[in-house]
Amino acid sequence: MGPLEIILIVVVIALVFGASKLPQLGKGLGQGIKEFKRETGKTDADTTEVVTPVTDVSSRQIDPVTGAPMPTERERENAGNRRA
């Protein structure tokens with residue numbers, strides 16, 4: 001965006017809102033940017049919440065027809081042992 005476009009946008013905003021509202025709009029915009037920078041600048045050390053990562057979650061295949069989880073190899077072996 002070039003300087004001419006920025007000047008044009010400022011002039012249109014001045015015409016729409018009027019010169020008396022521009023300081024209030026600028027103040028609100030500045031506070032919004034300040035709040036945004038403060039919130040995005042937080043690091044993990046700033047937060048007090050402890051989050052433990054999930055590391056060992058086994059994945060299971062899903063039956064495409066029923067949507068139910070398919071039995072794992074171990075479950076199939078255990079089911080075979082129970083029948084005998």
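Bear in mind that the values in this text are calculations on the coordinates, not laboratory data. Just so it is clear, the model here is predicted, and its values are computed rather than measured. A quick note on method: Cβ atoms are made from the backbone with ideal geometry, for glycine too, and the neighbour counts reach across all protein chains shown.
Of the residues A79, P64, I7, the one whose Cα sits farthest towards the positive end of the charge dipole of the chain is I7 (charges of +1 on Lys and Arg Cβ, -1 on Asp and Glu Cβ, taken about the Cα centre). The convex hull built on the alpha-carbon positions of the chain has an orientation-averaged projected area of 14.2 nm². Straight-line reach from K42: taking Cα to Cα under 26 Å and skipping same-chain neighbours fewer than 8 places apart, the lysines in range are K27, K34.
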